[in-house]
Protein chains: 2
Amino acid sequence: MSGTYLAHIRVSFKPGVHDPESETIDRALNRLGFDQIASLTSGKFFDIQIQAESVGAARQLASNMCEKLLANPVIETYSVEIVD
Amino acid sequence: MSGTYLAHIRVSFKPGVHDPESETIDRALNRLGFDQIASLTSGKFFDIQIQAESVGAARQLASNMCEKLLANPVIETYSVEIVD
C-alpha cells in the first residue's frame, strides 16, 4: 500500500572489526561501578520516514541508502526494520 | 529471574535541538537521488548484556548508565528496551 513507512536502520562494525569506542565505554562504565556488564556493542541508528509503494519497496530503498551512504560495507554491517 | 538481559539503548538529540549531522545526511541522500525521504533522525545505540536479578533491575541499571555516561541529559534523550 502506498504511503509513508518508518525504517529503523542500525549500522555497526562487523564482528571481528576492532571497536575502540565500545571498549572505552565498557571500561568507563566499569570504572563508574557498573560491574554487571557481560558485553557492550554500539553503533549508529537512523530513523527514516520513506514514501514508498509498499513495505517491500520501503525496505529496498532503506537498504540502498545503507549501501550507498549510511554504512561502509568493508567494515560495517546494517539492519533494516520497517516498523509502520 | 536472575540472569543476563540484553538492553537495547537508543540515544538521540531532544526534539528542538539542532542536529546538523542528520540534516547533512538527509541532504546527501537527496543528492544521491533518494527523494522519497519525509524525515530523517539519527543517533547512537548501545546493546548491553547486563547481569541482573530481574528485568526491572536490568532496566534500572541501563537507565542509570544513560544518566551517568551514555547520554547528555541537557540535550539528549534516551530509551531503554530489555529484549531478552
Per-copy distances of the B:Ala38 label point, shortest first, in nm (7 angstrom along Cα→Cβ)
3.9
Axis carrying B onto A: which residue of B has the nearest Cβ, and how far, whole Å?
B:Phe45, 2
Hey, in the GNM for chain B with a 10 angstrom Cα cutoff, which one of B:Leu69, B:Leu61, B:Leu32 fluctuates hardest?
B:Leu32
Longest principal axis of chain A (C-alpha) makes with the long axis of helix A:20-31 (C-alpha) an angle, in degrees to the nearest 10, of 50 degrees
Working from Cα positions, state the angle (0 to 90°, nearest 10) between the long axis of helix A:55-65 and the longest principal axis of chain A.
60 degrees
Quick check: the distance between the Cα centres of the stretch A:5-84 and the stretch B:1-43, to the nearest angstrom?
10 Å
GluC sites (Glu not before Pro) in chain B lying in a DSSP loop, each with at most 15 other Cβ atoms within 10 Å of its Cβ, come to B:Glu53
Taking the Cα centre as origin and putting +1 on Lys and Arg beta-carbons and -1 on Asp and Glu beta-carbons, what dipole magnitude results for chain B, to the nearest 20 debye?
100 debye
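Read-outs: derived from the displayed coordinates by stated rules, not from any lab. These figures come from a predicted structure and were not determined experimentally. So basically every Cβ, Gly included, is an ideal-geometry build from the backbone, and we count neighbours across all protein chains shown.
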